[in-house]
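Take a look at the following structure, please.
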Amino acid sequence: MALVYDIERDVRYKQGMEKGIERGIEKGLFEGKREGLLEGIELGLELKYGLAGLEIMNVVRAINSIDKLEEFKNLIKSSGSVDELEEFLGKSV
């Protein structure tokens, strides 16, 4: 007689699936927040500095920290020039 084992009923399998789903949700939330921040930063740079501001977006996209992106977004509001922003990016990336 053949032994039939349903892996989907296994406790460890279920734990692994739950952990994988949690990680997927966390990653999705992170990426969504990151993309939203990048769009906001791009708009802020364009409105405040025009094309000169948009030229630094490639460097901004290299930032992979939500906290650094938030900090940069807030710096756009108080900065007086693109040079100030580039100085921040030089330290961050």
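Under a 10 Å cutoff between Cα atoms, tell me which one of Lys27, Lys19, Lys48 has the largest fluctuation in the Gaussian network model of the chain.
Taking springs between Cα atoms under 10 Å, the residue moving most is Lys19.
How would you rank Leu38, Leu85, going from fewest to most other Cβ atoms within 10 Å of each one's own Cβ?
In order of increasing Cβ crowding within 10 Å: Leu38, Leu85.
Could I ask something else about it? Please work out the C-alpha center-to-center distance from segment 41-58 to segment 7-40 and express it in whole Å.
Going from one Cα centre to the other spans 32 Å.
What chymotrypsin sites (Phe, Trp or Tyr not before Pro) in segment 1-46 are in a loop by DSSP, with at most 12 other Cβ atoms within 10 Å of the Cβ?
Here the sparse-neighbourhood loop sites are Tyr5.
Could you size up the charge dipole of the chain around its Cα centre, putting +1 on the beta carbon of Lys and Arg and -1 on that of Asp and Glu, and report it in debye to the nearest 20?
Dipole of the chain, to the nearest 20 debye: 340 debye.
Still on this structure: For every helix of n ≥ 4 consecutive DSSP H residues, a contribution of -39,500 (n - 2.57) applies; sum these over the chain, divide by its total residues, and give [θ] at 222 nm rounded to the nearest 500 deg cm²/dmol.
-25000 deg cm²/dmol
Could you tell me the calculated FRET efficiency between Ser65 and Ile21, based on Cβ-Cβ distance and R0 = 25 angstrom, to the nearest 0.05? Mind showing how you got there, number by number?
Numbers: r = 25 Å, r/R0 = 0.98.
The formula returns an efficiency of 0.55 here.
Can you sort Ile66, Ile56, Ile41 from fewest to most other Cβ atoms within 10 Å of each residue's own Cβ?
Ile66, Ile56, Ile41
Take every Cα pair under 8 Å in the chain that's 6+ residues apart, average their separations, divide by the length, and report that relative contact order as a whole percent. Walk me through the intermediate numbers first.
On the way: 45 pairs, mean separation 23.7, N = 93.
Worked out over the chain, it gives 25 percent.
A short reminder: the numbers here are calculations on the coordinates, not readings from a lab. As the structure is a computational prediction, the values presented were derived from the model and not from experiment. Glycine also receives a Cβ, built like all others from the backbone with ideal geometry; neighbour counts cover every protein chain displayed.
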